[in-house]
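The structure under discussion appears below in the form of structure tokens.
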Ligand code: G3H
């Protein structure tokens, strides 16, 4: 089965109402390949989700940057999967390395979150990736396999999961993985899925790359056989995000 190219824009903790409207206007006016060719999802901060959803063109979709691990209730400051569904938000990013590192989200907690979000009908962009220290010590695959296993342990249906490989050392640093480095990990991840989850899932799950993707480096990365798209941070706040979407073709 052909894997449709996927481009996600993670706006992280950025933006004012005016800035958000400006980004949406740029996206709405952009000429990009059709939805049959590329799936585009942007992820504003919680407070702007409904605004963006209401203004954004209908062929692009919206993702939350996180959600709570179980049913909502007495969890001050959290946003539940049920609330996202209620607002018509179809996607959620889970397990971003910034949350893993700054908020101590463990592999197991991320796996639980992915499973709960899926159970409520959300589609999930599940993030994994190694630190520079882990890469330099030769444990990249062990780390990303353990992160993926914690998700695989809790998930049986992968139809609504996109796996985002984001090496921590490449995030926000301007130090993008080379196309060969990205392809190597994506290929190994697909092999891991083949051996541990199933051949059909390994063939169909989209594995996207994130970490200093921009308008200049996206085309070569997109040309790698196991790179099925991108999760873009900084450049998703800029007009060059449109060029990244266009790298689908
Ligand atoms: O979720 C996106 C990643 O953290 C990549 O961020 O493109 O700013 O390096 P970046």
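Read-outs: derived from the displayed coordinates by stated rules, not from any lab. Everything numeric in this text was worked out from a predicted model, so none of it was measured. Counting neighbours? That spans all protein chains shown, and the Cβs are built from the backbone with ideal geometry, glycine included.
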Debye intensity ratio I(q)/I(0), log10, region 136-249, q values 0.15, 0.19 Å⁻¹ (C-alpha model): -0.65, -0.99
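Sort 135, 57 by Cβ crowding within 10 Å, fewest neighbours at the top.
Lowest count first: 57, 135.
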Inter-part distance where region 192-228 and region 23-49 are each reduced to a Cα centre, Å: 20 Å
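Could you please rank 58, 106, 97, placing first whichever residue has the fewest other Cβ atoms within 10 Å of its Cβ?
Least crowded to most crowded, the residues run 58, 106, 97.
Once you wrap a convex hull around the alpha carbon atoms of region 57-166, what is its projected area averaged over all directions, in nm²? Display every interim value, and only then the final one.
Working: hull surface 30.6 nm².
Mean shadow area of the hull around the Cα atoms is 7.6 nm².
Calculated FRET efficiency, residue 76 and residue 19, Cβ-Cβ r, R0 30 Å, to nearest 0.05?
Efficiency at R0 = 30 Å is approximately 0.60.
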Length added when fully stretched, residue 249-residue 133, from 0.36 nm per residue minus Cα-Cα: 38.3 nm
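Considering every Cα-Cα pair within the chain, what fraction, in whole percent, is farther apart than 24 Å?
Numbers: 12850 of 30876 pairs.
Result for the distance tail: 42 percent.
Contact order normalised by length for the chain, with contacts defined as Cα pairs under 8 Å and 6 or more residues apart; what percent is it? Each step should come with its number before you reach the end.
On the way: 471 pairs, mean separation 54.7, N = 249.
Contact order relative to length: 22 percent.
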Full-extension gain in nm, residue 2 to residue 87, via 0.36 nm per residue minus C-alpha separation: 27.5 nm
Net length gained if the chain between residue 55 and residue 141 were fully extended (0.36 nm per residue, minus Cα distance): 26.9 nm
Debye intensity ratio I(q)/I(0), log10, region 1-133, q values 0.15, 0.19 Å⁻¹ (C-alpha model): -0.76, -1.16
Exposure proxy ranking, count of Cβ atoms within 10 Å, fewest first, for 116, 165: 116, 165
Alpha-carbon centroids, region 61-79 and region 110-186: separation in whole Å: 20 Å
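Normalised by the residues of region 67-215, what does the relative contact order come to in percent, with Cα pairs under 8 Å and at least six apart?
Numbers: 225 pairs, mean separation 31.8, N = 149.
Here the relative contact order equals 21 percent.
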Rounded D (µm²/s) - region 1-65, Kirkwood Rh over Cα pairs, Stokes-Einstein at 25 °C, 0.890 mPa s: 200 µm²/s
Principal axis dimensions, region 76-135 - Cα atoms, whole angstrom, descending: 41, 24, 17
Cα point-scatterer Debye curve for region 145-193, base-10 log of I(q)/I(0) at q = 0.18 Å⁻¹: -0.67
